[in-house]
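Everything on this sheet refers to the single structure shown next.
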Amino acid sequence: MKRTRIKTILSSEKPIDLVLIKGWVRTRRDSRTFSFIELNDGSCLNNIQVIADDLLKNYEQIKKLSTGSSVSVKGTMHESPGKGQKWEIHASEIEVISLAPDDYPLQKKRHTDEFLRTISHLRPRTNKYGAAFRIRSKLSYAIHRFFQDLGFTYVQTPILTGSDCEGAGELFQVTTLDIDNPPRSNGKTDYQNDFFGKTANLTVSGQLEGEMFALALGDIYTFGPTFRAENSNTSRHASEFWMVEPEMAFCDLAEDMDYAEKFIKFLVDYVIKNCAEDLELFAKFVDKTLMSTLETIGSKKFIRLPYSEAVTILNQSGKKFNYDVFFGADLQTEHERFLAENHFKQPVILYDYPKTIKPFYMRLNDDDKTVAAMDVIVPRIGEIIGGSQREDRLELLETRMDDTGVSREEHWWYLDSRRYGSVPHSGFGLGFERLIMLVTGITNIRDVIPFPRTPGSIEF
Ligand code: 4AD
Ligand code: MG
């Protein structure tokens with residue numbers, strides 16, 4: 001007999017004759033002649049109630065079923081007299097697969113997020129984390145849906161790379177050299193003897209490689225893990241996170257911003273339509289303003305605001321920030337959140353940033369001071385997307401590389417793309433975890449990643 005998921009049972013219109021369900025016991029309570037078992041199998045938020053009567057041959061064993069135990073239940077579906085739930089199961093057979101001892105850490109009470117992080121291997125069994133990771137899965141699918149429906153090609157860019165796309169130097173180096181005793185020449189480590197014959201690191205972004213494919217296939221996207229050794233222990237930064245990076249040939253900054261807005265709106269709408277039950281948990285218990293935030297994102301056109309005007313607004317706001325704001329300052333989360341949460345109360349796309357605070361590949365504007373960069377800023381999170389029109393003019397790109405200390409030699413292949421049939425093109429990167437934070441109201445990035453990696457923390 002085939003196992004039926006609890007989700008299928010709970011959403012069924014009519015009773016199914018005989019069902020086999022398997023899952024983990026959330027709670028058990030006994031009456032005089034019955035045992036009531038709340039069972040969850042992870043397929044949906046809700047448990048199903050299983051009723052075991054004392055005529056079952058292993059009833060004594062059933063009465064020992066503890067929270068966290070795993071069972072297999074054969075039974076029939078009946079309309080539930082209790083409110084909230086359409087169906088319950090009257091068991092004809094219960095097999096105890098494994099009995100969890102009393103020290104099972106997830107007893108029926110509210111646990112803090114901090115505690116649950118210490119048991120990342122068990123936290124997906126809680127309502128909140130089960131819901132968060134089901135939403136994460138649905139959003140992954142929605143990302144592919146969005147781009148595939150628009151005719152984009154999915155490209156897998158390398159995880160091991162020699163380049164530092166963002167030029168911020170926040171790299172995890174990868175080596176097979178004996179780090180206690182590396183080969184040396186001229187007083188330095190000799191990487192010619194390293195695995196790849198030169199230094200290598202984990203990618204911080206698939207963009208540069210993505211551009212090569214956009215300049216061949218037109219519209220592409222990447223979706224994969226990225227790694228940054230930023231030593232910033234914040235609630236919005238992880239050392240390993242996932243990024244979605246579309247890249248569009250024959251596309252300027254204005255169109256790039258339009259794509260970004262359309263993308264976020266699609267994803268928010270997708271979650272509202274396809275994850276209603278899980279979303280309700282977050283709207284009830286995590287962030288009471290969640291649904292109105294999501295509705296605002298869906299209905300309001302995102303503001304477009306030049307960086308220089310944002311600087312003026314921030315300086316005239318009368319609000320005291322920890323970091324000063326001036327033309328050339330890197331905006332901090334406090335500034336971004338002030339703009340999106342307090343000033344505009346909706347998503348804002350800032351554009352035309354000073355070239356001094358942005359990477360080498362962004363297209364220089366005619367003012368020679370700013371580049372065609374854009375960041376999408378949303379309430380509660382701050383920056384969720386960073387993107388730009390790329391510098392497509394060979395000479396200007398070379399100058400920018402020299403000015404920012406990016407090696408032309410190492411990027412000979414990137415420069416080639418501006419030599420042979422260069423065209424205007426643009427793209428952006430969406431932080432996948434920040435998107436999940438946005439749609440769930442979860443405030444710490446550690447709680448939307450199955451097994452988070454942050455400075456000083458790589459358990460599991
Ligand atoms: O703004 P970033 O650094 O842009 C890029 O990497 C470009 N190459 C993207 C492109 O144009 N193709 O990163 C993009 C997004 C950020 O807006 C943020 O949402 C997320 O990636 N991000 C992080 N998310 C979690 N932890 C971190 N340490 C992150 N760093 C960036
Ligand atoms: Mg950025």
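Values quoted throughout were computed directly from the atomic coordinates according to the rules given, and no laboratory measurement underlies them. It should be emphasised that the depicted structure is a prediction, and the values quoted were computed from it without experimental measurement. Every residue, glycine as well, gets a Cβ built from its backbone with ideal geometry; the counts of neighbours run over all protein chains shown.
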Cross-link table 2/288; 57/128; 83/301; 83/262; 7/265; 22/273, entries beyond 31 Å C-alpha to C-alpha: 2/288; 57/128; 83/301; 83/262
Whole-number Å³ per residue for the convex hull built on Cα positions in the chain: 195 Å³
Integer Hz, Karplus 6.51/-1.76/1.60 couplings in order for region 128-135, x for Gly and Pro: 5, 6, x, 5, 4, 7, 5, 5
Order of 268, 311 under a 10 Å beta carbon neighbour criterion, fewest first: 311, 268
Hull volume in cubic angstrom per residue (convex hull over the Cα atoms of region 42-170): 224 Å³
Net charge of neighbours whose Cβ lies under 14 Å from the Cβ of residue 352, counting Lys and Arg as +1 and Asp and Glu as -1: -2
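Applying a 10 Å radius around every beta-carbon, put 431-444, 247-260, 24-37 in order of their mean neighbour count, most first. Could the numbers behind the result be given before it?
Working: 431-444: 22.5, 247-260: 20.0, 24-37: 15.6.
Put in order of decreasing packing, that is 431-444, 247-260, 24-37.
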Measure of compaction for region 140-282 (Cα Rg per 2.2 N^0.38 Å): 1.33
Against the rule of thumb 2.2 N^0.38 Å, how large the Cα Rg of region 150-221 comes out: 1.43
Those trypsin sites (Lys or Arg not before Pro) in region 196-258 that DSSP places in a loop and that have at most 14 other beta carbons within 10 Å: 198
Hydrodynamic radius (Kirkwood) for region 203-311, which is based on Cα pairs only, to one decimal in Å: 16.9 Å
Per-residue Cβ neighbour rank within 10 angstrom, fewest leading, 211, 88: 88, 211
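Net charge within 10 Å of residue 221 by Cβ-Cβ distance, Lys/Arg positive one each and Asp/Glu negative one each, not counting residue 221 itself?
For residues surrounding residue 221, the net value is -3.
Using Stokes-Einstein with the Kirkwood hydrodynamic radius over Cα pairs, what translational diffusion coefficient do you get for region 321-432 at 4 °C and a viscosity of 1.567 mPa s, in µm²/s rounded to a whole number?
On the way: Rh = 15.2 Å.
Rounded, D is 85 µm²/s.
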Under the Debye formula (equal points on every Cα, no solvent term), log10 I(q)/I(0) of region 1-83 at q = 0.23 Å⁻¹: -1.25
Loop sites in region 393-424: chymotrypsin sites (Phe, Trp or Tyr not before Pro), DSSP, at most 14 other Cβ within 10 Å: 420
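Can you sort 57, 83 by how many other beta carbons sit within 10 Å, fewest first? Walk me through the numbers before you get to the answer.
Details: 57 9, 83 5.
With the fewest neighbours first, 57, 83 line up as 83, 57.
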Backbone HN-Hα couplings from phi across region 145-160 [Karplus 6.51/-1.76/1.60, Hz, Gly and Pro as x]: 3, 4, 6, 5, 5, 8, x, 6, 9, 7, 10, 8, 8, x, 8, 8
Calculated from backbone phi, Karplus (6.51, -1.76, 1.60) coupling profile of region 26-36 in Hz, x at Gly/Pro: 8, 8, 9, 9, 10, 10, 4, 10, 10, 10, 10
Taking the chain and dividing mean pair separation by its residue count, relative contact order in percent (alpha carbons under 8 Å, at least six apart): 13 percent
Ratio Rg/Rh [Cα only; Rh per Kirkwood] for region 182-222: 1.27
